[in-house]
Amino acid sequence: MPPRVILIGPPGAGKSVIGKNLAQRMESQFSDTDTLIEESAGKSVAQIFIDDGESVFRDLEARIVATALVEREGVLSLGGGAILRDETRKAVSESGAAVIFLDVTLAIAAPRIGFNRDRPLLLNNPRQQWQKLMDERRSVYEGAASMHIQVGDRSVAAVATEILAELEKEKA
């Protein structure tokens, strides 16, 4: 059974923490593709970028996402760049899951991710890099999503409550 909910969005949107809360409230499983990648590779995402390069990481990511779409249930959080690949967008679209774009501003994302953690695409002027990534990816996130949620500075519980309410509306 494929996931019921897939969370997409930039670093700092809260995909993992909101996803965990949402899964708990839905009494279902939570999976994060970055965690699955690290388990599969035996090293961190940052280390994969350093050792093998972004291309190798993206290939591994695409395989992990494709597998998760078949094997994982509940809530699935995708890494910020996973949805950029055409084949991943197609697989996510065909999964039947609600695809939720968690939108966040730089002002909200910056303190959350601190720009000092292992985020290989945010090296060298992280705020500028984050904004550049978001400018490049926004249309892809919006096009892939069936639901757009503004995270803002709301609590994890408040965002999860809004998602659950929107999912209930879709069922009706």
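Among the residues of the stretch 134-172, those identified as in a helix (DSSP H, G or I) and within 13 Å of ALA13 (Cα to Cα) are MET134, ARG138, TYR141, VAL156, VAL159, ALA160.
Within the stretch 78-90, residues that are more than 11 Å from VAL65 (Cβ to Cβ) have Cβ atoms under 6 Å from residues that are hydroxyl-bearing (Ser, Thr, Tyr) in no pair, counting only partners at least 6 apart in sequence or on another chain. Within the stretch 150-162, the set of residues being of a type in the set (Val, Ile, Thr) and in contact with a helix residue (DSSP H, G or I) (Cβ under 6 Å, 6 or more places away or on another chain) comprises VAL151, VAL156, VAL159. From the list LEU122, LEU102, LEU106, the one residue that fits, being among the aliphatic types (A, V, I, L, M) and modelled with pLDDT of 80 or more, is LEU102.
Among the residues of the stretch 2-47, those identified as touching a residue at least 60 places away in the same chain (Cβ under 8 Å) and at positive phi are GLY9, GLY12, GLY14.
Of all the listed residues (VAL56, VAL45, VAL17), the sole one being closer than 23 Å to VAL156 by Cβ and in contact with a Phe, Trp or Tyr (Cβ under 9 Å, 6 or more places away or on another chain) is VAL45. The criterion of at least 2 residues that are under 16 Å from the mean Cα position of the chain (by Cα) and of a type in the set (Gly, Ala, Ser) is met, among helices (runs of 4 or more DSSP H) falling completely within the stretch 1-102, by 15-25, 54-71, 86-94.
The values are calculated or read from the model by the stated rules, or taken from the named source; none is laboratory data. The model shown is predicted, which means the values in this text are computed figures rather than measured ones. When we count neighbours, we look across all protein chains shown, and the Cβ atoms used for this are built from the backbone with ideal geometry, even at glycine.
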